[in-house]
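Chemist: I'd like to ask some things about the structure below.
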Amino acid sequence: MKKRYDLLLFIAVTLLIAFGLLMIYSSSYIWADYKFNDPFKYVKMQSLFILTGFILMNIIRKIDYRIYYKKAGIIFGICLLFLILVLIPGIGSIRNGSRSWFGIGSFGIQPSEAAKLGIIIFTSRYLIIKQKKIKDIKKGLLPILLVTLLVFGLIMLQPDFGTGMILVISTIILLFIAGVKMKFFFILGALGALGIVIIILIAPYRIDRIISFIDPWSDPLGTGFQIIQSLYAIGPGGLLGMGLFNSRQKHFYLPEPQTDFIFSIISEELGIVGVLLIILLFGLILYSGIKIALNQKDLFAKYLAFGITFQIIIQAIMNLMVVIGLIPVTGVTLPFLSYGGSSLLISMISVGILLSISKYQE
Amino acid sequence: MFHGKINERIRLLFFIMIILFIFIFLRVSYIELVDYQKLKDLAEDLWSRNLPITADRGLILDRNGVVLADNITTTSLVLIPNQIKDKELVSISLSKILKVTKEEMDKHVYKKTSIERVHPEGRGLPYDIANQIESLKFDGVYLVKESKRYYPYNNLLSHVLGYVGIDNQGLSGVELLYDNYLMGEDGAIKYFSDAKGKKLALSEVYKAPLSGMNILLTIDYNIQKSLERELNNIVSMFNPDMALAIVMDPNNGEILAMSSRPDYDPNYYLDYSMEKLSRNLPIWASFEPGSTFKIITTAASVEEKIVDLETDTFYDAGSVIVDGRRIGCWKAGGHGHQTFLQVMENSCNPGFVKLGLTLGKERLFSYLDLFGFGEKTGIDLNGEATGIIFPLEKVKNLELATTSFGQGVSVTPIQQITAVSAVVNGGNLYKPFLVKGIAEGQTNSIIKQFQKELVRQTISPDTSATMRYALESVVARGGGRYAYIEDYRVGGKTGTAQKVQDGRYLINNYIMSFLAVVPANKPEAVLFLAIDNPKNTALLSSYTTAPIARRILLDIIEALNIEKQPNAIERVMQWDSEKYAVVPNVINKSVKEANKELFNFEVVYTGSGNRVIEQSPKAGTKLIEGSIVRLLLAD
């Protein structure tokens, strides 16, 4: 049964992106002027990404999603290849302390963003193939978990903890959806906790992040700096905010406010009203995405639609929780709103896939 | 069936995510509505930089509103190093204008701080310097108005007023004691800056400074001025070690005037030694009172009814033996037969020894306690001394005898005037005080008022009346006669005390004092005057202090508008031993003429010539006949 694609989802995403562009301008022009002598630097770049994104989204919207089922292996293989290549000095370049970029001129491409989508496609197909053995730990679960851990490991070599976490969580949640027994998740949870302990022991700077999360004022100029600056932006916002463009924290207090902490500036300038708008738009995306997933007869489409929706939403939730100090700083962007080409393009491609699935509803 | 279970788990996750969104929204709302003020305040501190504006210090006013401590507005240099674009240029320019080395200036200009006050070279800048800096129009270089303390009458009342430091903080006197009221609250120009310290184009907030509160003193400027003038005269005439005077309203303990020498100019307090600055002699100095103490002995005796001043008599043979020690009267040969009123008039020591011994040590010393000797009066100033009186168990007859005429005890001037005020006001010992009230700075409306405070009742009103009469009699007929003012019924008592050093009396080194009451029948003011070691003068206080006290009393009468009193005791001219004559003005006269006019003095010349260009003592001074008058001659 062929229908029209989901218009509500398209509108919600478009609104978020448009709103994001406005806020990127507001939060970045100070830094842009300071760094590049061009207050519109980030806006121009993002506009280009958005244009590209819409073109890609519309192309992908028209492509039959079943092609991903067939090409899942290749897609995933290319993702893995890039994840390995990016680690090689000379090919991958270092930005903000992580070797996670392919630099092409002033543009940068992050393969880990693509890997997030790649693993959802790969896992969705895997779950169809191993449908019968899914409850068998050795034959069903272990292989896919090992693959996920491999990807996670590659991303952690960059390192990019936030992206890695989203990738792992998305895979595990897909396993949960597919009907894996609860007992398995308890074991996995215990192992995960152990894993986190080990990761912290390997890189002690993460302890600082956790301490600064519990009490950011314990080291206000060091590890607690970002979260304090974020709260200084959110707090004075109040109900209606300070007014568009009137943020004070963007005046070099909050570093790179157009990226991970764009939400702080939004709540500073637009207050609770702005926050509510953003959460409602994400809520709409969640609602549309879940509706699409529920309405699919095709199991692959169901997994894929849910995986994509979940990944976007969990990333948004993680970003918001970081910004308001509920979880430690992990370094994930706010989908559609934060400045950044790779993140935006992958998000829009994901939505393109969702839209194409939405045409096949029961 | 299979799809159903999947959809069930999808829905479960959908709800979990919705709940997370709601939770996030509630958390943000909590931060923005509940933590709002706290975070806003913290953030404002982060964003804002303050250019301080000092508050005007409260004024200090006399009882009639004369401003004794004022403020002037000066300009200070403040730098905000982050806003300075060309630090090198600014440092060179400023060092030239302020005439300091560039290295000095670099320390300020390159300092890693949000706001740098250029101290001390940039404080209190004169107009032309400030103008030069202003005209350069450098970013980050600010001139802020700064209020500075100013004492318009310089030395007047200096020890009471005290002085303030460079940051307008009270360091001494009333300035220190009432610093919390006087200081006010500094204001600021608050502007917002980015994290690099640059000024943001956001609106500046002006927080007006809050002026301090005004302090209203009990001091009367006119009487104070009179004291200062006379003390200056005393210094130039007698070159004393110290000199001091207090005027008190005996009816409530208000200090009307208080001063001492050496003094200082609080505008330039740094030019004086700490000793000069800190010693407020009227409350700090402690010395043998001498004869003024006889007022207390007499009051005690009258109150205990052991003597009737007018009917009981005493024969003074010139000395009295107490426990084998001879105590002489100041008058060789003694005063002979006299009533006790005459004993008082003549200040006859043996007569007071008689009174003291009759009272006995318990009774006399209980009156010393009653009148507050040996304890601080509690005046609202720092640095008050306690004085020393004999411990009762060590008092033998000799100590009792000397105490009764004011030797062997050590008291402060403020104790004496407070005690004598009680003697003449009907017996009420009031706590002396200087601050009458505190008023709001802008409106001068009084917010706190200090009332008289009765310490205790000392003697009966009848005894007090008798004492007032006795004191008037001393001025009309006795040793205080040079303080006599026609129709104003002045009462008083002189005192000449030998100074003690290392347990021995110094020779020719006296503290001369005078205690006066005006008018004696219903006292409105009590004056205490003391000169420590006056040079070039007769050795009796009567001739030295009383004429000065008289001039002050005349000013007090005018300042307080005291009316003429009827029924004064008739003045008796007593040319008992020496004759006195007034020194005429001989300046600009020929040597011959001068010699003629100065017939009853011994004339000593200095310089050479035919014309007198300077004389000492000045014209109008009363001198014992035959005293030396020096003349400076020129052609």
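Chemist: State all residues of region B:6-29 that are of a type outside the set (Val, Ile, Thr) and either open to solvent by 90 Å² or more (accessible area, probe 1.4 Å) or more than 7 Å from every other protein chain (Cβ to nearest Cβ) (or both); if no residue qualifies, say none.
Modeler: Filtering region B:6-29 down to residues of a type outside the set (Val, Ile, Thr) leaves B:7-9, B:11-15, B:17, B:20-21, B:23, B:25-27, B:29.
B:8, B:11, B:12, B:15, B:23, B:26 - these are the residues of region B:6-29 that are of a type outside the set (Val, Ile, Thr) and either open to solvent by 90 Å² or more (accessible area, probe 1.4 Å) or more than 7 Å from every other protein chain (Cβ to nearest Cβ) (or both).
Chemist: With A:290, A:272 as the choices, which residue is at the interface with chain B (Cβ under 10 Å from one of its Cβ atoms), under 15 Å from residue A:357 (Cα atoms) and either small (Gly, Ala, Ser) or more than 16 Å from the chain's Cα centre (by Cα) (or both)?
Modeler: Details: A:272 fails: under 15 Å from residue A:357 (Cα atoms).
Being at the interface with chain B (Cβ under 10 Å from one of its Cβ atoms), under 15 Å from residue A:357 (Cα atoms) and either small (Gly, Ala, Ser) or more than 16 Å from the chain's Cα centre (by Cα) (or both) holds for just one of A:290, A:272, which is A:290.
Chemist: Among the residues of region A:162-187, count how many are at pLDDT below 85 and either within 14 Å of another protein chain (Cβ to nearest Cβ) or open to solvent by less than 70 Å² (accessible area, probe 1.4 Å) (or both). Give the derivation first.
Modeler: Keep residues of region A:162-187 that are at pLDDT below 85, which gives A:179-185.
Next, from what is left, pick out any that are either within 14 Å of another protein chain (Cβ to nearest Cβ) or open to solvent by less than 70 Å² (accessible area, probe 1.4 Å) (or both): A:179-182, A:184-185.
Count: 6.
Chemist: What number of residues in region A:298-343 are in contact (Cβ under 8 Å) with a residue 40 or more places away in the chain, within 22 Å of residue A:159 (Cβ to Cβ) and either touching a Cys at 6+ places or on another chain (Cβ under 6 Å) or in a helix (DSSP H, G or I) (or both)?
Modeler: Here the count works out to 10.
Chemist: Restricted to region B:595-629, and to residues that are in a loop (DSSP other than H, G, I, E, B) and open to solvent by less than 40 Å² (accessible area, probe 1.4 Å), which residue is farthest from residue B:584 (Cα to Cα)? Please lay out each step first, then the result.
Modeler: Quick first cut of region B:595-629, residues in a loop (DSSP other than H, G, I, E, B) only: B:598-601, B:608-610, B:617-621, B:625-627.
Keeping just the survivors that are open to solvent by less than 40 Å² (accessible area, probe 1.4 Å) gives B:598, B:600-601, B:609, B:617, B:621, B:627.
On the way: B:598: 7, B:600: 11, B:601: 11, B:609: 20, B:617: 10, B:621: 8, B:627: 13 Å.
Result: B:609.
Chemist: Quick one: which of B:558, B:563 is assigned to a loop (DSSP other than H, G, I, E, B) and modelled with pLDDT of 85 or more? Give the derivation first.
Modeler: Numbers: B:558 fails: assigned to a loop (DSSP other than H, G, I, E, B).
Exactly one of B:558, B:563 is assigned to a loop (DSSP other than H, G, I, E, B) and modelled with pLDDT of 85 or more, namely B:563.
Chemist: Further question on the same structure: Please specify each residue of region A:271-291 satisfying the condition of being over 21 Å from residue A:344 (Cβ atoms) and open to solvent by 20 Å² or more (accessible area, probe 1.4 Å).
Modeler: A:273, A:276, A:287, A:291
Chemist: Related question: If you check residue A:333 against the conditions, is it under 25 Å from residue B:22 (Cβ atoms) and more than 13 Å from chain B (Cβ to nearest Cβ)?
Modeler: On the way: under 25 Å from residue B:22 (Cβ atoms): yes; more than 13 Å from chain B (Cβ to nearest Cβ): yes.
In short, yes.
Chemist: Scanning region B:284-310 for residues that are farther than 29 Å from residue B:500 by Cβ and out of contact with any Ser or Thr (no Cβ under 7 Å at 6 or more places or on another chain), which turns out surrounded by the most Cβ atoms within 10 Å (Cβ to Cβ)?
Modeler: Out of the qualifying residues, it is B:304.
Chemist: Restricted to region A:189-212, and to residues that are modelled with pLDDT of 85 or more and open to solvent by 90 Å² or more (accessible area, probe 1.4 Å), which residue is farthest from residue A:176 (Cα to Cα)?
Modeler: Going through the qualifying residues, I end up with A:194.
Chemist: I've got another one for you. Is one or more of the residues making up region B:444-454 surrounded by 20 or more Cβ atoms within 10 Å (Cβ to Cβ) and not acidic (Asp, Glu)?
Modeler: Keep residues of region B:444-454 that are surrounded by 20 or more Cβ atoms within 10 Å (Cβ to Cβ), which gives none.
No.
Chemist: Suppose we filter B:79, B:68, B:51 for residues that are under 30 Å from residue B:154 (Cβ atoms), more than 10 Å from every other protein chain (Cβ to nearest Cβ) and in contact (Cβ under 8 Å) with a residue 40 or more places away in the chain; which single one remains?
Modeler: Checking each option against the conditions leaves just B:68.
Chemist: Of all residues in region B:313-326, count the ones that are open to solvent by less than 60 Å² (accessible area, probe 1.4 Å) and within 22 Å of residue B:478 (Cα to Cα). Give the steps one after another, and end with the answer.
Modeler: From region B:313-326, those open to solvent by less than 60 Å² (accessible area, probe 1.4 Å) are B:314, B:316, B:318-320, B:322; that's our starting set.
Next cut, within 22 Å of residue B:478 (Cα to Cα) only: B:314, B:316, B:318-320.
So the count comes out to 5.
Chemist: Taking region A:293-329, which residues are open to solvent by less than 10 Å² (accessible area, probe 1.4 Å), farther than 30 Å from residue A:262 by Cα and more than 8 Å from chain B (Cβ to nearest Cβ)?
Modeler: Matches in region A:293-329: A:296, A:300, A:301, A:303.
Chemist: At least 1 residues that are at pLDDT below 85, among the hydrophobic types (A, V, I, L, M, F, W, C) and surrounded by 20 or more Cβ atoms within 10 Å (Cβ to Cβ) in each: list the helices (runs of 4 or more DSSP H) lying fully within region A:3-109 that qualify. Before the answer, list the steps.
Modeler: Values: elements: A:7-36, A:41-62, A:66-85.
Passing ranges, in order: A:7-36.
Chemist: So how many residues does region B:327-346 have that are part of a strand (DSSP E or B), of a type in the set (S, T, N, Q) and open to solvent by 40 Å² or more (accessible area, probe 1.4 Å)? Outline the logic, then answer.
Modeler: Filtering region B:327-346 down to residues part of a strand (DSSP E or B) leaves B:327-328, B:336-339.
From what's left, of a type in the set (S, T, N, Q): B:338-339.
This time we only want the ones that are open to solvent by 40 Å² or more (accessible area, probe 1.4 Å), so: none.
The total comes to 0.
Chemist: Quick check, is residue A:234 within 29 Å of residue A:11 (Cβ to Cβ), out of contact with any Gly (no Cβ under 7 Å at 6 or more places or on another chain) and open to solvent by less than 10 Å² (accessible area, probe 1.4 Å)?
Modeler: Working: within 29 Å of residue A:11 (Cβ to Cβ): yes; out of contact with any Gly (no Cβ under 7 Å at 6 or more places or on another chain): yes; open to solvent by less than 10 Å² (accessible area, probe 1.4 Å): yes.
When the stated conditions are applied, residue A:234 passes them.
Chemist: Same structure again: Among the helices (runs of 4 or more DSSP H) confined wholly to region B:347-431, which include 3 or more residues that are open to solvent by 30 Å² or more (accessible area, probe 1.4 Å)? Show your work before the answer.
Modeler: On the way: elements: B:349-370, B:397-404, B:413-424.
Filter on region B:347-431 gives B:349-370, B:397-404.
Chemist: Which numbered condition trips up residue B:106, out of (1) over 29 Å from the mean Cα position of the chain (by Cα); (2) surrounded by 20 or more Cβ atoms within 10 Å (Cβ to Cβ)?
Modeler: (2)
Chemist: Are there any helices (runs of 4 or more DSSP H) wholly within region B:122-178 with 2 or more residues that are assigned by TED's automatic domain parsing to the domain that holds residue B:210, at pLDDT below 90 and open to solvent by less than 20 Å² (accessible area, probe 1.4 Å), and if so which?
Modeler: Details: elements: B:127-136, B:158-161, B:173-177.
The qualifying helices (runs of 4 or more DSSP H) are B:127-136.
Chemist: Looking only at residues in region B:52-83 that are under 18 Å from residue B:137 (Cβ atoms) and open to solvent by 10 Å² or more (accessible area, probe 1.4 Å), which one is nearest to the chain's Cα centre (by Cα)?
Modeler: Result: B:75.
Chemist: Hey, does region B:224-247 have a residue that's in a loop (DSSP other than H, G, I, E, B), at pLDDT 90 or above and open to solvent by less than 10 Å² (accessible area, probe 1.4 Å)? Before you say what the answer is, go through the steps one by one.
Modeler: As a first pass, look at region B:224-247 and keep what is in a loop (DSSP other than H, G, I, E, B): B:239-241.
Pick out the ones that are also at pLDDT 90 or above and you get B:239-241.
So of that shortlist, the ones also open to solvent by less than 10 Å² (accessible area, probe 1.4 Å) come out as none.
No: zero hits.
Chemist: Can you say whether residue A:256 is among the charged types (D, E, K, R), more than 24 Å from residue A:9 (Cα to Cα), more than 10 Å from chain B (Cβ to nearest Cβ) and surrounded by 22 or more Cβ atoms within 10 Å (Cβ to Cβ), as far as the supplied structure shows? Outline the logic, then answer.
Modeler: Working: among the charged types (D, E, K, R): yes; more than 24 Å from residue A:9 (Cα to Cα): yes; more than 10 Å from chain B (Cβ to nearest Cβ): yes; surrounded by 22 or more Cβ atoms within 10 Å (Cβ to Cβ): no.
Here the answer is no, as residue A:256 does not meet what is asked.
Chemist: Here's something else I'd like to know. Can we say residue B:633 is open to solvent by 30 Å² or more (accessible area, probe 1.4 Å) and touching a residue at least 40 places away in the same chain (Cβ under 8 Å)? Write out each step before concluding.
Modeler: Values: open to solvent by 30 Å² or more (accessible area, probe 1.4 Å): no; touching a residue at least 40 places away in the same chain (Cβ under 8 Å): yes.
No: the conditions fail for residue B:633.
Chemist: Consider residue B:42 carefully, then state whether it is buried (at least 16 other Cβ atoms within 10 Å of the Cβ) and free of Cβ contacts under 8 Å to residues at least 12 places away in the same chain. Outline the logic, then answer.
Modeler: On the way: buried (at least 16 other Cβ atoms within 10 Å of the Cβ): yes; free of Cβ contacts under 8 Å to residues at least 12 places away in the same chain: yes.
Taking the combined requirement at face value, the residue satisfies it.
Chemist: Follow-up. Which residue is farthest from residue A:27 (Cα to Cα), if the candidates are limited to region A:237-256 and must be among the small types (Gly, Ala, Ser) and assigned to a loop (DSSP other than H, G, I, E, B)? Don't jump to the end; show me each part of the working.
Modeler: Restricting attention to region A:237-256, the residues satisfying the condition of being among the small types (Gly, Ala, Ser) are A:237-238, A:241, A:243, A:247.
Pick out the ones that are also assigned to a loop (DSSP other than H, G, I, E, B) and you get A:238, A:241, A:243, A:247.
Values: A:238: 18, A:241: 14, A:243: 12, A:247: 8 Å.
This residue is A:238.
Chemist: Looking at residue B:311, is it in a helix (DSSP H, G or I) and assigned by TED's automatic domain parsing to the domain that holds residue B:244? First the steps, then the outcome.
Modeler: Working: in a helix (DSSP H, G or I): no; assigned by TED's automatic domain parsing to the domain that holds residue B:244: yes.
So residue B:311 does not fit the description; no.
Chemist: Report the residue count in region B:249-289 for those that are charged (D, E, K, R) and free of Cβ contacts under 8 Å to residues at least 40 places away in the same chain.
Modeler: So in region B:249-289, the residues charged (D, E, K, R) come out as B:249, B:254, B:261, B:263, B:265, B:271, B:275-276, B:279, B:288.
Checking which are free of Cβ contacts under 8 Å to residues at least 40 places away in the same chain leaves us with B:261, B:271, B:275-276.
Selection size over region B:249-289: 4.
The values are calculated or read from the model by the stated rules, or taken from the named source; none is laboratory data. In this text the structure is predicted, and so the values were computed from the model without any measurement. Using ideal geometry, Cβ is built from the backbone for each residue, glycine included, and neighbour counts are taken over all protein chains shown. We work out accessible area using only protein heavy atoms, side chains counted, and drop any ligands, DNA or RNA first. Shrake-Rupley method; radii C 1.70, N 1.55, O 1.52, S 1.80 Å.
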